[in-house]
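The values are calculated or read from the model by the stated rules, or taken from the named source; none is laboratory data. As the structure is a prediction and not an experimental result, all values here were calculated from the model. So basically every Cβ, Gly included, is an ideal-geometry build from the backbone, and we count neighbours across all protein chains shown. When the accessible area is computed, the model is the full protein with side chains, heavy atoms only, and any ligands, DNA or RNA have been set aside. Shrake-Rupley method; radii C 1.70, N 1.55, O 1.52, S 1.80 Å.
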Amino acid sequence: MNGQMTKYEKYLQTLDDMKEPKIPDVCFEMRKLIEYAKQQGKRISELSATEKQQFIKYH
C-alpha cells in the first residue's frame, strides 16, 4: 500500500465522520406577507424586520 492509498482511506473516514447539515424547520408565509404589505400601502422591501418576522413560523 502506498501513501496515496492511505490518504484516500483517511479521506473516506472523514466523510463518514462528517454530519449532514441540519435544515431549519421553518415556514415562510409569503402570500400573507404580500397581502400585509398591500394593506399597509408599502412594498415588501419597505417593511421593517419586525413586520417581516411575524410571517416566519418556526415548528
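When nucleic acids and ligands are ignored and a 1.4 Å probe is applied, Met5 ends up with an accessible area of around 90 Å². Fully extending the segment from Ser48 to Met18 would add 7.0 nm, taking 0.36 nm per residue of separation and subtracting the current Cα-Cα distance. Residues considered: Lys19, Lys42, Lys32. Largest GNM mean-square fluctuation over the chain, using C-alpha springs under 10 Å, is found at Lys19. With a simple spin-label model that places each label point 7 Å from the Cα along the Cα-to-Cβ direction, the separation between Cys27 and Glu9 comes to 5.0 nm. Comparing Glu46, Glu29, Glu20 in a Gaussian network model of the chain, where Cα atoms under 10 Å apart are tied by springs, the biggest mean-square fluctuation is seen for Glu20. Computed from Cα atoms, the angle from the helix 30-40 axis to the main principal axis of the chain rounds to 30 degrees. Taking θ as phi - 60°, what are the ³J(HN,Hα) couplings along region 14-29 by the Karplus curve (6.51, -1.76, 1.60), each to the nearest whole Hz, with x for Gly and Pro? Once θ is set to phi - 60°, the couplings for region 14-29 become 5, 5, 5, 6, 5, 9, 6, x, 8, 9, x, 8, 10, 10, 10, 8 Hz.
Accessible surface of the chain, 1.4 Å probe: 55 percent of it comes from carbon and sulfur atoms. Dipole orientation for the chain: of the candidates Thr50, Cys27, Tyr8, Thr50 has the Cα lying most toward the positive pole (charges on Cβ; Lys, Arg +1; Asp, Glu -1). For the chain, the per residue solvent-accessible surface stands at 96 Å², with DNA, RNA and ligands left out and a 1.4 Å probe.
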